[in-house]
1. Looking at segment 135-157, is at least one residue of a type in the set (A, V, I, L, M, F, W, C), more than 13 Å from the chain's Cα centre (by Cα) and on the phi < 0 side of the Ramachandran plot?
2. It is to be established whether one or more residues within segment 42-58 are in contact with a helix residue (DSSP H, G or I) (Cβ under 8 Å, 6 or more places away or on another chain) and more than 25 Å from residue 25 (Cα to Cα).
3. Given the criteria among the aromatic types (Phe, Trp, Tyr), out of contact with any His (no Cβ under 7 Å at 6 or more places or on another chain), more than 19 Å from residue 144 (Cβ to Cβ) and not in a loop (DSSP other than H, G, I, E, B), does residue 26 qualify?
4. If you scan segment 14-47, which residues turn out to be more than 24 Å from the chain's Cα centre (by Cα) and within 24 Å of residue 88 (Cβ to Cβ)?
5. Which residue pairs have Cβ atoms closer than 6 Å, lie 6 or more positions apart in sequence or on different chains, and pair a first residue in segment 138-162 that is under 20 Å from residue 76 (Cα atoms) with a second residue that is assigned to a helix (DSSP H, G or I) and of a type in the set (Phe, Trp, Tyr)?
6. What do you reckon, is residue 66 of a type in the set (Gly, Ala, Ser) and closer than 30 Å to residue 164 by Cβ?
7. Scan segment 164-176 and report the pairs whose first residue is free of Cβ contacts under 8 Å to residues at least 12 places away in the same chain and whose second residue is assigned to a loop (DSSP other than H, G, I, E, B) and acidic (Asp, Glu), with Cβ atoms within less than 9 Å and a gap of 6+ or a chain change.
8. Suppose we keep only residues that are at negative phi and in contact (Cβ under 8 Å) with a residue 12 or more places away in the chain within segment 110-123. Which one would you say is surrounded by the most Cβ atoms within 10 Å (Cβ to Cβ)?
Amino acid sequence: MSRTASVKRSSMVKAMLDSEEPSIRWKVRTQVLGEDPASPANRRLGEEIRNSPRVHALIDGAATASYRKWQGRHWVLQTLAELGYPAGDEALEPLAETVLATWVNERYYREYEPTTGPRKPGVPVIDGRARRCGSQQGGALLALVKLGLGGDGPDRLVERLLHWQWPDGGWNCHLKPSAVSSSVYETRF
């Protein structure tokens, strides 16, 4: 790295470390500077995140529905996990329960062939490949693990994801029989 780039980078890092938003400071410290998230300083920063106006607005504004686009509890948990919200807060368990009730619902244990009849509650399977959006259960899994929530729920999500995994290692929810490889988007979580 050139001296100019190094100086520019260090001034950007300093500016972010001076941010009033604790989640920005936490991300820079843990993901840019490589500091241990469990260090005393970063745990104190986690408490600032927990008590920040942004986090209170997210939690207070969470829709009751789990997957209501960008407002449901699924999205709130994912956002809290990304912001550096501290793991193990039992106050978030009701959100986790709603998310798990959605993504390990009994319908995800039923399968059907969509080309032989009407759409049914369950997971469509075409040519032996489950058509599931792995990003949904995968996103919930990532948030629950980062936040230390959900009891055995993360294990159940893993079981479902492994059950639906395609031979190339990913997932795809496209219902056209011509889809023969997993989707980058559905697999990236």
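The values are calculated or read from the model by the stated rules, or taken from the named source; none is laboratory data. Remember, predicted model here, so these are calculated numbers, not experimental data. Reconstructed Cβ throughout: ideal geometry from the backbone, glycine too, with neighbour counts over all protein chains shown.
1. The answer is no; no qualifying residue exists.
2. Looking through segment 42-58, none of the residues is in contact with a helix residue (DSSP H, G or I) (Cβ under 8 Å, 6 or more places away or on another chain) and more than 25 Å from residue 25 (Cα to Cα).
3. Working: among the aromatic types (Phe, Trp, Tyr): yes; out of contact with any His (no Cβ under 7 Å at 6 or more places or on another chain): yes; more than 19 Å from residue 144 (Cβ to Cβ): yes; not in a loop (DSSP other than H, G, I, E, B): yes.
The answer is yes for residue 26.
4. If the condition is that a residue be more than 24 Å from the chain's Cα centre (by Cα) and within 24 Å of residue 88 (Cβ to Cβ), then 40, 41 are the ones that fit.
5. Close Cβ pairs (under 6 Å, with a partner that is assigned to a helix (DSSP H, G or I) and of a type in the set (Phe, Trp, Tyr)) amount to 140/103.
6. yes
7. If the second residue must be assigned to a loop (DSSP other than H, G, I, E, B) and acidic (Asp, Glu), no pairs are left.
8. Restricting to residues being at negative phi and in contact (Cβ under 8 Å) with a residue 12 or more places away in the chain, the top hit is 123.
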